[in-house]
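First up is the structure itself, then whatever we jot down about it.
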Amino acid sequence: MTQAKYIFVTGGVVSSLGKGIISASIGKLLQDRGFRITIQKYDPYINVDPGTLNPYEHGECYVTADGMETDLDLGHYERFTGIQTTRANSMTTGRIYKSVIDKERRGDYLGKTIQVVPHITDEIKCNIQFLGNTGQYDFVITEIGGTIGDIESAPYLESIRQLKWEMGRDAVCVHLTYVPYLRAADELKTKPTQHSVKEMQSNGIQPDILILRTEKHLDDHLRQKVAGFCNVDLECVIQSEDLSSIYEVPVNMQRQGLDAAILRKMGIPVGEAPAAGPWNHFLELRQGATQSIRVALVGKYDLQDAYKSILESLSHAATYHHRKVDIHFVNSEHIDEHNVVEQLADADGIVICPGFGQRGIEGKILAAQYAREHDVPCFGICLGMQMMVIEFARDVLGLRDANSREMDPNTPNNVIDLMESQKNLAQMGGTMRLGAYGCELQPGSRVATIYGETHIRERHRHRYEFNNRFLPDFEAHGMRCSGRNPDSDLVEIVEMPDKRWYIGTQFHPEYQSTVLKPHPLFMNFIKTIIR
Ligand code: GLN
């Protein structure tokens, strides 16, 4: 296949329908059929990237290996397909406008009035086709964020309309809608779907495939009705009922023939359905797991989406150990000396979460101390690792005022400090150590055993670093700096060899755990908890 084919995924009626999971599932199903795929996300907001958005607004910020701060849906794409995304897989209206305005200033459009149509839409179209034009992909799946009908979505719909017109059968639109159930009437209602499809049609786009999100099973009569009202073939009206796990979605989509319908629409021979053995094995393990382990997640957001990749990584690892993981959010702002034992006593393991800013850090430090003193398996990630370091400095090294420069710029015992190269930067966006960096593991260390190798690469997202001035003191007292950056010598991992599992990583291992390749640190953490 030479020319890449395009699949657009849009959503109507309400947000949070799970377009990201559907996009990831489509990618996975086509990948299983041997196609080369990539999935990209276009977000209609004006932020250049989601890096400065608070998790309440936007959930977790996912970081690609090449250092782009992106939408959490890219995490789903990677976890489902195992294919790494890059900065080219994530785009926002902010970046589109920035690029158009930069071109205008450079004089690229000399003499022209710059308008949404055609300049913004051309920029969108050009970006959408960027990965497809590399010749590396058979299918480019493009998920459009937001809900159609939003003012912000209009330029994207116009771009899709034009692309569909230009590409003919080589582009299809998969539209997600919602079918609400009205309890009082005991009825499922298709009217919002009809309206949503009308909205698409009024923008000149006929959806090829409809995916109806529903909490109750839709019978053939209802599907027939939707098909008839919306000009969509019956086999292209697919339902997506609530399932016990997002990882069941691809299987459910395949059972209803989603991938086959897409291929047929595009005139590609459908062939045999692939077996997907390892994926099904994973699902069987999940269904078979009855016992649970309890993991306390110590962070300042008691919100699922804020720590999405960590939750998924724990869940992948637990599944492979025949366990369910029972996550218990512990708000670090509510932890104090008097209640820390009570808050954490029933946890089999503790994760101290990443984060930014002062709020809730003393609670994280108390949690680290509790875990160290009671020898509860404890995993500190990024800010969590920094809090392990501060706690150790205060309690073991006797540096009572030890802190991070982020929290206390004047502390003499800045065990966590700003990188030299960052000290003069004034802006907040785009000033962090981002993306994958190499790390050398000390032979014989716990982490070297866990990884089974000594050269690793992991993804970062932070400004502050372990201050090497204090390193000899830490090592002399039992906290080993067992992972170092080979170029800068920055400390990337700390561990306490005499504890059951006390490891902090400056990087975010959770970005690299996938369904078929669970992360070794999470695997070993869970294994230790079970033992
Ligand atoms: N706030 C810390 C830093 O910037 C940690 C960031 C994080 O946890 N991602 O270094």
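Which order do the peptides 108-117, 519-528, 67-76 come out in when sorted by mean C-beta neighbours inside 10 angstrom, highest first?
Those peptides, ordered most packed to least, come out 67-76, 519-528, 108-117.
Please state the relative contact order of the chain as a whole percent: Cα pairs under 8 Å, 6+ residues apart?
14 percent
Per the Kirkwood definition applied to all pairs of different Cα atoms, how many angstroms is the hydrodynamic radius of the range 432-516?
By the Kirkwood definition, the hydrodynamic radius is 13.3 Å.
Please compute the modelled spin-label separation between SER488 and ALA289, points set 7 Å along Cα→Cβ, answer in nm with one decimal.
Placing both labels 7 Å along Cα→Cβ, they lie 3.4 nm apart.
VAL117 versus ALA273, label points 7 Å from Cα toward the beta carbon: distance in nm?
4.1 nm
Direction-averaged shadow area of the convex hull around the Cα atoms of the range 149-198, nm²?
4.5 nm²
Expressed in whole Å with the largest first, what are the equivalent ellipsoid semi-axes of the chain derived from the C-alpha gyration tensor as the square root of 5 times each eigenvalue?
In descending order the semi-axes read 43, 28, 21 Å.
Which distance in Å, rounded to a whole number, links the C-alpha centroids of the range 265-307 and the range 45-100?
The range 265-307 and the range 45-100 have Cα centres spaced 21 Å from each other.
Charges on Cβ only, +1 for Lys and Arg, -1 for Asp and Glu, centred on the Cα centroid of the range 186-241; of LEU234, ILE211, PRO192, which one is farthest towards the dipole's positive end?
With unit charges placed on the Cβ atoms, the residue in question is PRO192.
Along Cα→Cβ, 7 Å out, is where each label goes; now give me the distance between the ones at GLN201 and GLN3 in nm to one decimal.
2.7 nm
So what's the range 334-480 giving for Cα Rg divided by 2.2 N^0.38 Å, two decimals?
1.08
Kirkwood hydrodynamic radius for the range 95-212: how many Å is it when counted over pairs of different Cα atoms?
Kirkwood hydrodynamic radius for the range 95-212: 16.4 Å.
Could you please report the charge total around PRO250, scoring K, R as +1 and D, E as -1 over all other residues with beta-carbon less than 11 angstrom from its beta-carbon?
-1
May I ask you to give the solvent-accessible area per residue for the range 246-392, in square angstrom, as obtained with a 1.4 angstrom probe?
For the range 246-392, the solvent-accessible area averages 37 Å² per residue.
Can you tell me the relative contact order of the range 16-175? Whole percent, Cα pairs under 8 Å, sequence separation 6 or more.
29 percent
Using the alpha carbon gyration tensor of the range 3-96, what are the three equivalent-ellipsoid semi-axes (square root of 5 times each eigenvalue), largest first, in whole Å?
22, 15, 13
Take the Cα radius of gyration of the range 242-292 and divide it by 2.2 N^0.38 Å, with N its residue count; two decimals is plenty.
1.41
Once you treat every alpha carbon in the range 292-412 as an equal point and sum by Debye, what is log10 I(q)/I(0) at q = 0.11 Å⁻¹?
-0.35
Please report the antiparallel percentage of DSSP beta bridges with both residues in the chain, rounded to the nearest 5.
If we restrict to bridges inside the chain, about 30 percent are antiparallel.
Can you give the accessible area per residue of the range 491-531, in Å², using a 1.4 Å probe?
Counting only protein heavy atoms, the per-residue value for the range 491-531 is 30 Å².
So how much slack lies between ASP401 and LEU243, counting 0.36 nm per residue of separation and subtracting their Cα-Cα distance, in nm?
Full extension from ASP401 to LEU243 adds 51.9 nm.
To one decimal place, what Kirkwood hydrodynamic radius in Å is obtained for the range 481-531 from all pairs of distinct Cα atoms?
About 12.2 Å for the range 481-531.
Apply the Debye scattering formula to the range 72-118, with a single equal point scatterer on each alpha-carbon and no solvent, then give log10 I(q)/I(0) at q = 0.14, 0.32 Å⁻¹.
At q = 0.14, 0.32 Å⁻¹ the computed log10 ratios are -0.52, -1.17.
Rg/Rh for the range 165-297 to two decimals, with Rh computed the Kirkwood way over all alpha-carbon pairs.
1.04
Over the alpha-carbon set of the range 305-369, divide Rg by the Kirkwood Rh and report the Rg/Rh ratio to two decimals.
When Rh is taken as the Kirkwood radius, the ratio is 1.00.
Averaged per residue, what accessible area in Å² does the range 430-483 show with a 1.4 Å probe, protein chains only?
For the range 430-483, the solvent-accessible area averages 41 Å² per residue.
So, with a 1.4 angstrom probe, what is the percent of accessible area on the chain that is carbon and sulfur?
49 percent
The values are calculated or read from the model by the stated rules, or taken from the named source; none is laboratory data. Everything quoted here is computed from the prediction, not taken from an experiment. Neighbour counts run over all protein chains shown; Cβ positions are idealised from the backbone, glycine included. Heavy atoms of the whole protein, side chains included, go into the accessibility calculation; ligands, DNA and RNA do not. Shrake-Rupley method; radii C 1.70, N 1.55, O 1.52, S 1.80 Å.
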